[in-house]
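Each remark here refers to the structure printed beneath this line.
The values are calculated or read from the model by the stated rules, or taken from the named source; none is laboratory data. What you are looking at is a predicted structure, and each value in this text was computed from that prediction instead of being measured. Every residue, glycine among them, receives a Cβ derived from its backbone with ideal geometry; neighbour counts consider all protein chains shown.
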Amino acid sequence: MPILESRRVLDLSNERGLLCGQILADLGADVIAVEPPGGSSARRLGPFAQNIRDPERSLLWWSYSRNKRSITLDLEQTPGRDLLRRLAGTADFLIESFEPGFMARHELAYEHVAAINPSLVYVSITGFGQTGPKAHYADADLILLAAGGPLILGGDDDRPPVRLSVPQAYLHAGADAAVAAMVAHHERVRSGRGQHADVAAIQSVAMATQSGILAAPLHATEIRRLAGGLKLGPLNLPVIWPAKDGFISMTFLFGSALGVFTRKLMHYVCAQGFCDTATRDKDWIGYAELLLSGREPLSEFERVKEIVRTFTRTYTKAELLALALEQGFLMTPVYTIGELTRSEQLASREYWRTIDDPLGGSGKYTVPGPFVKFSATPIEYRRRPPGIGEHNREVYVGEFGLTESEFFELTRAGVI
Amino acid sequence: MNHEGPLADVKICDFMWVMAGPASTRMLADYGAQIVRIESPTRIDTARTLQPHQDDRSGPDSSGLFSNCNAGKLGIAIDMRNPRAREVVVDLVRWADVVTESFSPKAMRKWELDYDALRMIRPDLIMLSTCLFGQTGPLRQIAGFGNMAAAISGFSNLAGWPDRSATGVFGAYTDYIAPRFTAIAILAALEHRRRTGEGQYIDQSQAESAIHFLTPAILEYSVNQREPQRAGNEDRDMAPHGIYPAAGDDQWVAIVCRNDSEWDCLCEAMGAAELRDDPRFATTQLRVANHADLDSIICRWTTGASAAQIEELLQARGVPAYQVQNSSEAWQDPQLKHREHFVPLEHHRLGHTTLEGPRAHLSRTSGKVRRAAPSLGQDNQYVLEKLLGYDQERISDLAVAGVFG
């Protein structure tokens, strides 16, 4: 029995919130995407299947609409808003990601809907939150990453900060929104009362600073960006290292917890003839303090890193991964998406799933599998991403009890 | 500790450490879940050694990262190698609804604390194991951190400039994503148990959770047979879309135009109305194609100006813009202040300190930071006496036996 079986979710969200509803849908909820006539604005965003710009071909929509159904509804028309209030009366969750004030202007704010359905959990996802001096700021992925702190930390030190080329801000927010929805649901089944969850992407992306956002209030040194790593004060700490056929990510750090790994690695590097025993036997636990106090010159650290680079460059990514397994080194290869899809690890866990072609073709497309493996309630992929209003009749007539003539009238008036 | 809030009835015996695991139970602690985290008295939690450290002085309580991940929890120190440690843990498992752990897959089995052993004690137990790559498969024993999962999951290669090798994502990227899915999985399993009485085991691979943030790239590969490439700050649907230099050391401003009208407003704000009629920039597609020319024009305008002022000027006209904020700037940001993102707190050793507050705002049962993260073993006495009902004699006896290190 799916965990959220028979729980109904009205998902009015667009590109700012799609992931939240998909998580609830993966948990078994009946998630109905409520799209404006012509389709969600998320459908206008790429990439597109076969590179054809078409709302039914948005791979962003395909990515985060699995297990949902779709209906269309025009909130700009009074009958549309009336219909939404009727739908909300029967729902357990409502998710929306319009700019702050939009729902209130349409008399669909939490207060309006809670008057009809006091047990509703109402989730709002925005860039900056529902209120505050910058609540009405215009947003975009890059803007939110800049605002919330992670952007300044990423990139090459001789160029501007750089983002991940796949937009992330609203995925962080959508996942936080799903946590909030589950917390509110947990409380609702005990109290019988719903509430409003207000999620702001600016806060969600701050998670990706690894608490670096606390540097100023803690009077600590700010971390700065470095190509393939980070700078902390005078120390250049690489994370990306060269392999014979590409790159690896390696933790090469110091201190009581991480220095032991560095010591282990340096013993191996030495045994393979890449350095002398004096280099091997440096105090890797206290090495950062030695460098910061000047007792070890920074030039010596540069020499050590060059030794390690020569070592990693000698092996292929696959050889280094095998070494990581065999020796317990903290290193993994930097994979392309193609390499990721061919991962033995993911294959052995039967991770990948396929979705049927949303365009009705015979193709099946690879998508990420369940976000965790539940032993008793495994996540199932029941439905491919829906077309625009694909379930209008099924939902409006079959489940909400509109008569055929009401449905016909609303469709003709462009409300549905 | 005062346990109120929407999750006040949730009790978790938490073996998780470092970042990804503890960050998930921190979210639940904000909403009142009772969490007893078990630390080793001899092997320090790596998070305690990571920056930022208060006043740049590293010590076991000074890490802002540790404090962020563990606020609101109770902490006990137990030496799991001690033969009598197990009796305490077994009582904690009886007390708890949920057991969580984030070791590499063999540790819990070695201590006979794996799911099969623990469900004998508590048949409706919910247990969650989280690690980089999951409990099975050839990489299950790989030790390490989220930067490694980010590399092998395809994130690192997609951050950087097309003319250079990948710069990689900052830090342990999958550790920022996985905790949300961990918290969701715990709450979902509790809901299932409420409805059916059935517990279960949850196997989380942090990589597998995080890959959900790359789905559009995976579909591009699977549907269009195209290998996604890193693209600097370019966007296929928007231009301008970049980070531009402003006055000062490492000062930048992010500027984006999502449509033609925002482009018009930007031209006006730059005092360059003539650009609106420039055929190179007439449509989004043309602006994307000619973004190099566009970027150099915008750079000339932003260079030497204040990032905050550009942000204000452009946002007043509805153009997406923001200063690229470092910690000092975020700390002063009026919107983050309004959202109470930074929470002041007293710590029994650090004195006055600060951490990040709850990210979602719930209208009726808001989250809050209940207390600072525990020092090593801070709550041994409280947990054994108040939660497990041990008398003083038994506690002393365990101490003499070396259970607490």
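Scanning the range B:90-124 for residues that are hydroxyl-bearing (Ser, Thr, Tyr) and modelled with pLDDT under 95 gives a single hit, B:104.
When restricted to residues that are more than 7 Å from chain B (Cβ to nearest Cβ) and either among the basic types (Lys, Arg) or not in a helix (DSSP H, G or I) (or both), the range A:344-354 contains 4. Filtering the range A:163-181 to residues that are surrounded by fewer than 24 Cβ atoms within 10 Å (Cβ to Cβ) and within 7 Å of another protein chain (Cβ to nearest Cβ) leaves only A:165.
Scanning the range B:252-268 for residues that are more than 10 Å from every other protein chain (Cβ to nearest Cβ) and buried (at least 17 other Cβ atoms within 10 Å of the Cβ), we see that the one that is nearest to residue A:42 (Cα to Cα) is B:263. If you go through the range A:16-67 and pick out every residue that is within 14 Å of chain B (Cβ to nearest Cβ), farther than 21 Å from residue A:144 by Cα, in contact (Cβ under 8 Å) with a residue 60 or more places away in the chain and not in a helix (DSSP H, G or I), you end up with 6.
Here residue B:151 fulfils each of the conditions (1) under 18 Å from residue A:172 (Cα atoms); (2) at the interface with chain A (Cβ under 7 Å from one of its Cβ atoms); (3) of a type outside the set (Lys, Arg) apart from (1).
Within the range A:5-30, the set of residues being hydrophobic (A, V, I, L, M, F, W, C) and either farther than 17 Å from residue A:171 by Cβ or surrounded by fewer than 22 Cβ atoms within 10 Å (Cβ to Cβ) (or both) comprises A:9, A:10, A:12, A:27, A:29. Looking only at the range A:68-89, residues that are assigned to a helix (DSSP H, G or I) and either of a type in the set (Ser, Thr, Tyr) or under 25 Å from residue A:7 (Cβ atoms) (or both) come to 11 in all. Of the residues making up the range A:283-306, those that are in a helix (DSSP H, G or I), of a type outside the set (Gly, Ala, Ser) and under 17 Å from residue A:259 (Cβ atoms) are A:287, A:289, A:290, A:291, A:292, A:300, A:301, A:304, A:305. Among the residues making up the range A:297-316, those that are of a type in the set (A, V, I, L, M, F, W, C) and farther than 15 Å from residue A:247 by Cβ are A:298, A:301, A:304, A:307. If the condition is being within 12 Å of chain A (Cβ to nearest Cβ) and either closer than 22 Å to residue B:113 by Cβ or in contact with a His (Cβ under 7 Å, 6 or more places away or on another chain) (or both), then the range B:1-18 contributes B:6, B:7, B:10, B:17, B:18.
Restricting attention to the range A:208-246, and to residues there that are outside any strand (DSSP E or B) and more than 7 Å from chain B (Cβ to nearest Cβ), which single residue is nearest to residue A:301 (Cα to Cα)? Of everything passing the filter in the range A:208-246, A:234 is nearest to residue A:301 (Cα to Cα). From the list A:260, A:205, the one residue that fits, being assigned to a helix (DSSP H, G or I), more than 7 Å from chain B (Cβ to nearest Cβ) and at pLDDT below 95, is A:260. Residues in the range B:154-175 that are at the interface with chain A (Cβ under 7 Å from one of its Cβ atoms), in contact (Cβ under 8 Å) with a residue 40 or more places away in the chain and part of a helix (DSSP H, G or I): B:157, B:158.
Is it true that residue B:368 is free of Cβ contacts under 8 Å to residues at least 12 places away in the same chain and touching a helix residue (DSSP H, G or I) at 6+ places or on another chain (Cβ under 9 Å)? No. Taken over the range A:307-343, the criterion of being at the interface with another protein chain (Cβ under 10 Å from one of its Cβ atoms), assigned to a helix (DSSP H, G or I), in contact (Cβ under 8 Å) with a residue 12 or more places away in the chain and crowded, with 20+ Cβ neighbours inside 10 Å is satisfied by A:317, A:321. If you take the residues of the range B:275-316 that are surrounded by fewer than 16 Cβ atoms within 10 Å (Cβ to Cβ), touching a residue at least 40 places away in the same chain (Cβ under 8 Å) and touching a Pro at 6+ places or on another chain (Cβ under 8 Å), which of them is farthest from the other protein chains (Cβ to nearest Cβ)? Filtering the range B:275-316 for residues that are surrounded by fewer than 16 Cβ atoms within 10 Å (Cβ to Cβ), touching a residue at least 40 places away in the same chain (Cβ under 8 Å) and touching a Pro at 6+ places or on another chain (Cβ under 8 Å), the one farthest from the other protein chains (Cβ to nearest Cβ) comes out as B:303.
Being within 30 Å of residue B:191 (Cα to Cα) and either at pLDDT 95 or above or under 23 Å from the mean Cα position of the chain (by Cα) (or both) holds for only one residue in A:354, A:312, and it is A:354.
Applying a threshold of 8 Å to beta carbon distances and a minimum spacing of six or more residues, or different chains, the list of pairs starting in the range A:373-390 at a residue that is without any contact (Cβ under 8 Å) to a residue 40 or more places away in the chain and assigned to a loop (DSSP other than H, G, I, E, B) and ending at one that is crowded, with 21+ Cβ neighbours inside 10 Å and of a type in the set (Asp, Glu) reads A:375/B:203. I'd like to verify a number: residues in the range B:35-49 that are surrounded by 16 or more Cβ atoms within 10 Å (Cβ to Cβ) and either more than 8 Å from every other protein chain (Cβ to nearest Cβ) or of a type in the set (Asp, Glu) (or both), how many? Number of matching residues: 9.
Is it the case that some residue within the range A:241-262 is more than 17 Å from residue B:151 (Cβ to Cβ) and among the charged types (D, E, K, R)? Within the range A:241-262, not a single residue is more than 17 Å from residue B:151 (Cβ to Cβ) and among the charged types (D, E, K, R). Of all residues assigned to the range A:184-198, at least one qualifies as being assigned to a loop (DSSP other than H, G, I, E, B) and buried (at least 24 other Cβ atoms within 10 Å of the Cβ).
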